[in-house]
2 protein chains.
Amino acid sequence: MQRTVASVVGDKGSDVFFVVPGDTVYHALEVMADKNIGSVLVFDDGTLVGILSERDYARKVILVDRGSKETAVVDIMTTQLNTVEPATTVTACMELMTE
Amino acid sequence: MQRTVASVVGDKGSDVFFVVPGDTVYHALEVMADKNIGSVLVFDDGTLVGILSERDYARKVILVDRGSKETAVVDIMTTQLNTVEPATTVTACMELMTE
């Protein structure tokens, strides 16, 4: 039987960590390091507005002459969010991420 | 049938990009952005000595008061390398990465 998202989340736990749009990228990096995660959700007044990943940081800060302490999360976060269901298989997730 | 590493590599192509230990982290970020990849292998005189990932960059540079233009790849690369075989399943890879 193929593993599903529900099974992975069951193993990893369902705690979700987030920052707000006005936080600095540096603060988001601290949260990611503290929680040992590779991305954080961005919530604005209770609404999910984006996600900030190590990829966003690696691509959109120093390479365009910005600094993590002077850049706000909102300026580099990814706002196009792809979601899956608990019953989605791990293989389907991999394919989605590879597209 | 579960997908294997060989199948994924077949889809993605087998080009491998690398940097050398003395390159700056900034240069490695440029290579990753240019090739649209999340990590680069580090070769020293033809020998594989490590891998540098977005995770290494997010954790081991600005949070410890370093800069990407003054830090060498060798100072933050990951040297403990986990490898898989072409016949390894995608699910087994996911489990290895989640450990």
Check your understanding: Restricting attention to the stretch A:12-23, does a residue exist that is within 29 Å of B:Ala92 (Cα to Cα), small (Gly, Ala, Ser) and either touching a residue at least 24 places away in the same chain (Cβ under 8 Å) or in contact with a helix residue (DSSP H, G or I) (Cβ under 6 Å, 6 or more places away or on another chain) (or both)?
Key -> no
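Answer yes or no: is there a residue in the stretch A:50-62 that is within 15 Å of the chain's Cα centre (by Cα), hydroxyl-bearing (Ser, Thr, Tyr), surrounded by fewer than 15 Cβ atoms within 10 Å (Cβ to Cβ) and not in a helix (DSSP H, G or I).
no
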Review point. How many of the residues making up the stretch B:52-99 are among the hydroxyl-bearing types (Ser, Thr, Tyr), at pLDDT 95 or above and farther than 20 Å from A:Cys93 by Cβ?
Key: 5
Exercise for review: Determine if the stretch A:4-12 includes at least one residue that is at pLDDT below 95 and acidic (Asp, Glu).
Suggested key: yes
Practice item. Among what's in the stretch A:28-41 and is within 11 Å of another protein chain (Cβ to nearest Cβ) and farther than 18 Å from A:Thr71 by Cβ, pick the residue that is modelled with the highest pLDDT. Key: A:Asp34
Point to revise | Selection count, the stretch B:1-31, where residues are assigned to a helix (DSSP H, G or I), under 17 Å from the mean Cα position of the chain (by Cα) and not aromatic (Phe, Trp, Tyr) | key: 10
Exercise for review: Can you tell me which residue among B:Val25, B:Val19 is under 30 Å from A:Val31 (Cα atoms), away from chain A (no Cβ under 11 Å) and surrounded by 15 or more Cβ atoms within 10 Å (Cβ to Cβ)?
Suggested key: B:Val19
Check your understanding: Filter the stretch B:63-99 for residues that are more than 9 Å from chain A (Cβ to nearest Cβ) and in a helix (DSSP H, G or I); which is surrounded by the fewest Cβ atoms within 10 Å (Cβ to Cβ)?
Key -> B:Met97
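The values are calculated or read from the model by the stated rules, or taken from the named source; none is laboratory data. Note that the coordinates shown come from a computational prediction; the quantities given were computed from them, not determined experimentally. Positions of Cβ are generated from backbone atoms using ideal geometry, with glycine treated the same way; all protein chains shown enter the neighbour counts.
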